[in-house]
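Report on the structure given below.
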Amino acid sequence: MEIYLVGGAVRDRLLGIEHRERDWVVVGATPQELRDLGYKQVGKDFPVFLHPQTGEEYALARTERKTAPGYHGFEFHADPSVTLEEDLARRDLTINAIAMDADGNLIDPFGGEDDLRLGLLKHVSPAFVEDPVRILRVARFAARFAKWGFKVAHGTNTLMRRMVDAGEVDALVPERVWAETERALSEDNPERYFKVLRGCGALARVFPEIDALYGVPQPEHAHAEVDTGVHVMMVLQQAARLSADARVRFAALTHDLGKGTTPKQEWPTHHGHEQRSAELAEGMCQRLRTPNDYRDLAILTARYHGKCHRALELRPGTLLELLEALDPFRKPERFEQFLLACEADARGRAGHQDSAYPQADLLRRAFAACKTIDNQAIAAQGHTGEAFAEELRRRRLAALTALAQPDTGGE
């Protein structure tokens, strides 16, 4: 029996970055031998075991064979005769196909260490085409390692495009798409995920609403970048600068989906795109089965980002209507997420990357002013039901009106 550290733990150690989880492969052993040593078997499709002390995953070396379309269509073979090189050969990228023995020696039959130095995301073998999830994984690794200049190898991109053309991507289930996308949104350069998917044609299949934004113009006086798809990627990049919260980043990504459905005769203006964006964001979230907090923030951002941008021009009554729609009184965290997504939108334009966004500060002050209203005092005066709501709204409006008055310095 021989045990090797494999995959991401080896890759990240060579890159000099922290890797929290470690995966191990066991060569020359049977399931019974591991069970006899106290390992707990958890894998159903192939033998995976938990170490009795560390709880880390140990998998028997295995090979796999494609038997049907999609990523479920695989037959696995694991027994003591499977070699380490055969196990590494089934992995997606060369940088993930490096093993390390107990003495720290590298086993690297596919040149993964060289590709780490070259910054290449390159497939291990032609068997790459058998699993459509690998397209999403390559795009996610591109987002993770973009800061080191990693690029998708030309040959790998060609294989990915071939998989898209063959319809393999259409077999992806929503849960797996979302799992990879959520992880990509948490990376330092999440926009790279979507750019790589677009580069191989997968964006149109997996995220057609986002792909439809490319080639759609916006007014040049407000958007020097003109192209809506380019703008949305810039917004996502700004969201990553402003917040590590993947929910903020997702809202930034989906805020302008409605511009992809604007009739061409109306270009470059996009009247009413906010409502269309909200509807498309809701549909995307249903399809991908996103968590409710992602969905709710995305819909609010899509529907109200335009009003947020005009906050400095809004009358107190309209400002109150916006606050009531955003409901920071019950959802203060979501309110902050909304403001960050809107700021990312404002800054996600050519020449505006470092611009101030006073609208967010105004809305924060407006919310603070409304919070000073004492609900218990209103109730103590005998207001209940609709009368209570009307009085609360009247006092909030008065607070916002006072906020809008210029400071005369007491004169």
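With the Cα gyration tensor of the range 1-118 giving a ≥ b ≥ c as the square roots of its eigenvalues, does the rule (a/c under 1.5 for rounded; else a/b larger than b/c for prolate; else oblate) give rounded, prolate or oblate? Spell out each step's value before the answer.
On the way: a/c = 1.74, a/b = 1.20, b/c = 1.46.
Oblate is the answer for the range 1-118, as a/c is 1.5 or above yet b/c matches or exceeds a/b.
Given H placed on each backbone N at 1.01 Å, which residues far from residue 7 in sequence or on other chains put an amide H within less than 5 Å of it?
Residues meeting the amide H criterion: 98.
Checking the table 44/147; 147/195; 195/264; 151/259 against a 26 Å threshold on Cα-Cα, which pairs fail?
Exceeds cut-off: 44/147; 151/259.
Select from 225, 57, 191 the residue whose mean-square fluctuation is largest in a Gaussian network model of the chain (Cα-Cα springs shorter than 10 Å).
57
Could you give the dipole magnitude of the chain about its Cα centre, charging the beta-carbon of Lys and Arg +1 and that of Asp and Glu -1, in debye to the nearest 20?
860 debye
Starting from the amide H of residue 350, placed 1.01 Å from N in the peptide plane, find each other amide H under 5 Å away whose residue is 5 or more places distant or on another chain.
224, 225
Apply the Karplus parameterisation 6.51 cos²θ - 1.76 cosθ + 1.60, with θ equal to phi minus 60°, to every residue of the range 245-254 and state each ³J(HN,Hα) to the nearest whole Hz, in sequence, with x for glycine and proline.
Per residue, the Karplus-derived 3J(HN,Hα) values read 6, 5, 5, 4, 5, 5, 4, 5, 5, 9 Hz.
Please work out, to two decimal places, the log10 of the ratio I(q)/I(0) at q = 0.07, 0.09, 0.12, 0.14 Å⁻¹ from a Debye calculation in which every Cα of the chain carries one identical scatterer.
With one equal scatterer per Cα and no solvent, log10 I(q)/I(0) is -0.45, -0.68, -0.99, -1.20.
Just the projected area, averaged over all directions, of the convex hull on the alpha carbon atoms of the range 119-206: how many nm²?
Details: hull surface 19.7 nm².
Spelled out: convex hull of the Cα atoms, projected over all directions, averaged, 4.9 nm².
Could you state the angle between the C-alpha long axis of helix 385-404 and the longest principal axis of the C-alpha atoms of the chain, as a value from 0 to 90 degrees rounded to the nearest 10?
Taking the Cα atoms of the chain, the angle to 385-404 is about 90 degrees.
Which ³J(HN,Hα) values, rounded to whole Hz and listed in residue order, are derived for the range 334-343 from phi using the Karplus coefficients 6.51, -1.76 and 1.60 in 6.51 cos²θ - 1.76 cosθ + 1.60 with θ = phi - 60°, glycine and proline given as x?
Per residue, the Karplus-derived 3J(HN,Hα) values read 5, 4, 5, 4, 4, 4, 5, 5, 5, 4 Hz.
List the residues, sorted by chain then number, that are 5 or more residues from residue 107 or on another chain and whose placed amide H is less than 5 Å from its amide H.
Answer set, sorted by chain and number: 99, 100, 101.
Assigning unit charges at the beta carbon (Lys, Arg +1; Asp, Glu -1) and nothing else, what dipole magnitude in debye, to the nearest 20, does the range 159-289 show about its Cα centre?
Using Cβ point charges on Lys, Arg, Asp and Glu, the range 159-289 gives about 240 debye.
In degrees between 0 and 90, to the nearest 10, how far off the longest principal axis of the chain does helix 358-371 point, with axes built from Cα atoms?
Here the helix axis deviates by roughly 70 degrees.
Shape call for the range 182-262 from the C-alpha gyration tensor, a ≥ b ≥ c root eigenvalues: rounded (a/c under 1.5), prolate (a/b greater than b/c) or oblate?
In terms of gyration-tensor shape, oblate.
GNM, the chain, Cα, under 10 Å: largest mean-square fluctuation among 209, 86, 343?
So, out of 209, 86, 343, the one fluctuating most is 86.
Hey, what number do you get for the chain at 222 nm if only DSSP H runs of n ≥ 4 count, each worth -39500 (n - 2.57), divided across all residues, to the nearest 500?
Only helices count here, giving -15000 deg cm²/dmol.
So what's the range 281-408 giving for Cα Rg divided by 2.2 N^0.38 Å, two decimals?
Values: Rg = 16.7 Å, N = 128, 2.2 N^0.38 = 13.9 Å.
Taking N as the residue count of the range 281-408, the ratio is 1.20.
Cut-off 10 angstrom, C-alpha nodes, Gaussian network model of the chain. Which of 257, 320, 280 fluctuates the most?
The residue with the greatest mean-square fluctuation here is 320.
Tell me, rounded to the nearest percent, the portion of alpha carbon pairs in the range 289-356 spaced more than 18 Å apart.
Numbers: 935 of 2278 pairs.
That tail contains 41 percent of the Cα-Cα pairs.
For the range 235-360, what is the relative contact order in percent, using Cα pairs closer than 8 Å and at least 6 residues apart in sequence?
Reported as a whole number, the value is 34 percent.
Of 34, 319, 251, whose Cα points farthest to the positive end of the dipole of the chain (charges on the beta-carbon: +1 Lys, Arg; -1 Asp, Glu; origin at the Cα centre)?
319
Report the Cys residues of the chain lacking a disulfide-compatible partner, meaning no second Cys Cβ under 4.7 Å from their Cβ.
200, 285, 370
Using θ = phi - 60° and the Karplus curve 6.51 cos²θ - 1.76 cosθ + 1.60, what whole-Hz ³J(HN,Hα) does each residue of the range 94-107 get, with Gly and Pro shown as x?
Once rounded to whole Hz, the list reads 4, 6, 9, 10, 10, 10, 9, 8, 5, 8, x, 7, 8, 10.
Could you tell me, in Å, what Rg and Dmax come out for the Cα atoms of the range 211-323?
14.2, 39
Quick note: the coordinates plus some simple rules give every number you see, no bench work behind them. Predicted model only: the values in this text are computed from it and were never measured. When we count neighbours, we look across all protein chains shown, and the Cβ atoms used for this are built from the backbone with ideal geometry, even at glycine.
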